[in-house]
Amino acid sequence: MAEDIGVGCFDETIARLQAANKLMRSANAALALDDLEVLSFLGFAAAHICELRERGGFRSSSIGQNTRLINRLLKESTDAI
């Protein structure tokens, strides 16, 4: 039973990290095209859009770090079964 709860937590965390990566990649693509409408549609406020533009978007290292954590959690969830 405890393993089921653990796996569920892994699944939820993995899903959140995957969604975050998708959002960051989409935002970076919109920034590259200077598409403010898409950024607004993605849920970014004007102040955050300005900050993203100044910083050049989300760092690839942040996306990579999430990906590594996703892979680790996938491995751990498989090992827990």
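Here, each number is a calculation from the coordinates, and none is a lab measurement. Since the model is a prediction, treat every value here as computed from it, not as a measurement. All Cβ positions, even for glycine, are placed from backbone atoms using ideal geometry, and neighbour counts span all protein chains on display.
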So for the pair residue 45, residue 76, with labels modelled 7 Å out along Cα→Cβ, what separation do we get in nm?
3.2
Taking only C-alpha pairs under 8 Å that are 6+ residues apart, what is the relative contact order of the chain in percent?
48
Based on DSSP H runs of at least 4 residues, each adding -39500 (n - 2.57), what is the mean residue ellipticity at 222 nm of the chain after dividing by all its residues, to the nearest 500 deg cm²/dmol?
-28000 deg cm²/dmol
Mean Kyte hydropathy of 0.0 or more with a Cα span along the axis of at least 18 Å, helices from DSSP in the chain:
2-32
Quick check on the exposure proxy: order 67, 78 from fewest to most C-beta atoms within 10 angstrom.
78, 67
